[in-house]
Amino acid sequence: VQLQASGGGLVQAGGSLRLSCAVSGLILSINIMGWYRQVPGKERELVAIQTRGGITNYAQSVKGRFTISRDTVKNTVSLQMDSLKPEDTAVYYCSATTYTGPRTVWGQGTQVTVSS
C-alpha cells in the first residue's frame, strides 16, 4: 500500500482547504483510513478516521469543522477543512490501516499553515 497526499498550503483563519490522499497497492486489505497531524515537539495526533464500513471518528477540536470522506472507486481519502484556525497549523499525514496485522502505512506529510 502506498499513499500520496496533496492539498496543503497557506490560508487565513476562517478559510478552507481540502487535503486529498491517493491510495495504491493492496487496497482491499485496508480497513481504516484517516488523517493525523503533527507540530514540532509534539506527538502525532488523530484528526479524523473512517472505516471501510463508513464509521467516522473525529478529534474533538475539529468536530463540526472538518469532514473526512472516502471514495472507494477512486481510491482516495479526503479531508475538507473549514473554519480553519491558527492552531490547525501542522503537517498533516494520511494513513491506511490494514485488516490483518494490523499494519499502518503513512503518506508523506503535507504542510497546512493558518495565519491569524
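Figures for the structure shown
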| quantity | calculated |
| --- | --- |
| Sparse-neighbour loop sites [trypsin sites (Lys or Arg not before Pro); the stretch 1-77; at most 16 other C-beta within 10 Å; DSSP] | LYS42, ARG44, ARG52, LYS63, ARG65, LYS74 |
| Relative contact order %, the chain, counting alpha carbon pairs below 8 Å whose residues are six or more apart | 37 |
| Cα pair distances exceeding 20 angstrom across the chain, given as percent | 35 |
| Chymotrypsin sites (Phe, Trp or Tyr not before Pro) restricted to DSSP loop in the stretch 1-101 with at most 15 other C-beta within 10 Å | TYR99 |
| Contour minus Cα-Cα distance for GLN2 and SER29 (0.36 nm per residue) | 8.5 nm |
| Dipole axis of the chain (+1 Lys, Arg; -1 Asp, Glu on Cβ), positive-most option in GLY15, GLY41, ALA5 | ALA5 |
| 10 Å-binned pair-distance histogram of the stretch 1-60 (Cα, whole percent) | 17, 44, 33, 6 |
| Kirkwood-type radius of the stretch 36-86, with distances r between different C-alpha atoms, in Å | 12.1 |
| Inter-site label distance for SER16 and GLU43 at 7 Å from Cα along Cβ, in nm | 3.3 |
| Computed magnitude of the charge dipole of the chain (debye, nearest 20; Cβ of K, R +1, Cβ of D, E -1) | 160 |
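None of the figures in this text is laboratory data; all of them are computed from the coordinates on show. None of the values given here were measured: they were computed from a predicted structure. Quick reminder, even Gly has a Cβ in these numbers, built from the backbone with ideal geometry, and neighbours come from all protein chains shown.
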